[in-house]
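The values are calculated or read from the model by the stated rules, or taken from the named source; none is laboratory data. On a predicted model such as this, the values are computed, not experimentally measured, just so you know. With ideal geometry, Cβ positions are generated from the backbone for all residues, glycine too; neighbour counts draw on all protein chains shown. For the accessible areas, the whole protein counts, side chains as well, though only heavy atoms, and no ligand, DNA or RNA atoms are used. Shrake-Rupley method; radii C 1.70, N 1.55, O 1.52, S 1.80 Å.
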Amino acid sequence: MTTAFYAPPDQFRQGRVVLPPNETRHAVRALRHRAGDEIVVVDGVGGWHHVRLAQTGQDQALGTVVRSKREVGEPEAPLVLAVGVLQKRGRYETLVEKAVELGVTTLVPLVTERAERHHIRQDRLRKIMVAAMKQCRRSRLPTLTTPRSLAQVLVRYPRLSAFCCHESGTGRQALVDAVRARTAGMLLAVGPEGGFTPREIDLARRAGAGLVQLGPRRLRTETAALAATSAVMLERARML
Ligand code: SAM
């Protein structure tokens with residue numbers, strides 16, 4: 001089976017589903033699916049549905065749900081990734097795509113004191129996230145929040161263990177050691193090109209966040225975010 005298709009929850013009714021036009025075009029025109037074929041449709045809220053196509057038009061396809069599973073491809077515990085908004089939009093988009101593949105559950109664009117850009121294209125990032133969700137065969141579309149400051153993020157997720165990736169200074173712990181001690185939800189914060197300011201690091205410490213290092217090299221923001229995310233996910237996979 002090639003790819004999963006996406007239909008939002010309101011397209012499912014009484015065991016039937018209507019594929020949206022863009023998904024229909026992909027299924028019918030590009031992949032040449034026809035009535036009678038079985039495809040997988042994810043609803044982005046945890047549902048993974050095997051669907052038998054009943055009717056296929058150029059812009060709309062209807063199908064019947066044959067069987068469903070829940071939480072396919074989803075992590076055991078939440079991982080909120082808050083990353084400084086980057087000057088180069090393309091780098092941020094790549095980061096978002098890969099973070100979805102790796103299993104992040106919430107993405108927070110961070111606006112920090114040294115941020116060079118304060119805006120994101122929410123609609124564009126969402127499309128990238130939907131494509132990544134389907135491609136990596138997971139059933140939940142991660143949440144993409146509006147841009148937030150570090151202070152806002154640190155108070156927003158009180159139940160998660162919070163860590164700030166920082167490439168210098170004393171009192172830092174290796175990220176792998178921090179992960180090893182935890183099976184529950186985590187919040188990871190990564191700075192923008194210019195890093196976090198001393199004031200932000202102080203704020204994070206006072207809010208109870210741990211400071212973690214990812215090795216002796218200074219990584220680009222997107223590399224640091226993805227290295228940290230995969231360290232968490234690989235360690236969790238080892239503990240399963
Ligand atoms: N010029 C910045 C500075 O010296 O603070 C460098 C910032 S770095 C390009 C961007 C972000 O990636 C940092 O704020 C940090 O969150 C993360 N980062 C990069 N390398 C890291 C490392 N070795 N350990 C932990 N975090 C790292």
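The table for this structure:
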{"read-out": "Failed item, numbered, when ARG156 is tested on (1) away from the ligand (no atom under 15 Å from the Cβ); (2) in contact with a helix residue (DSSP H, G or I) (Cβ under 6 Å, 6 or more places away or on another chain); (3) farther than 30 Å from HIS26 by Cα; (4) not aliphatic (A, V, I, L, M)", "value": "(2)"}
{"read-out": "Of the criteria (1) touching a Leu at 6+ places or on another chain (Cβ under 6 Å); (2) open to solvent by 50 Å² or more (accessible area, probe 1.4 Å); (3) in a loop (DSSP other than H, G, I, E, B); (4) in contact (Cβ under 8 Å) with a residue 40 or more places away in the chain, which one ALA35 fails", "value": "(4)"}
{"read-out": "Test: THR223 is surrounded by 14 or more Cβ atoms within 10 Å (Cβ to Cβ) and without any contact (Cβ under 8 Å) to a residue 40 or more places away in the chain", "value": "yes"}
{"read-out": "Members of the range 38-52 that are β-branched (Val, Ile, Thr) and either open to solvent by 10 Å² or more (accessible area, probe 1.4 Å) or modelled with pLDDT under 95 (or both)", "value": "VAL45"}
{"read-out": "The range 206-240: number of residues that are near the ligand (Cβ under 7 Å from one of its atoms) and among the basic types (Lys, Arg)", "value": "3"}
{"read-out": "Unmet requirement for LEU141, which otherwise passes all of (1) without any contact (Cβ under 8 Å) to a residue 60 or more places away in the chain; (2) under 17 Å from the mean Cα position of the chain (by Cα); (3) more than 9 Å from the ligand (Cβ to nearest atom)", "value": "(1)"}
{"read-out": "Number of the exception - ARG137 against (1) assigned to a helix (DSSP H, G or I); (2) over 17 Å from PRO78 (Cβ atoms)", "value": "(1)"}
{"read-out": "Test result for ARG67, of a type in the set (D, E, K, R), exposed (fewer than 15 other Cβ atoms within 10 Å of the Cβ) and touching a residue at least 24 places away in the same chain (Cβ under 8 Å)", "value": "no"}
{"read-out": "Condition met for ARG159 (touching a Gly at 6+ places or on another chain (Cβ under 7 Å) and open to solvent by 70 Å² or more (accessible area, probe 1.4 Å))", "value": "yes"}
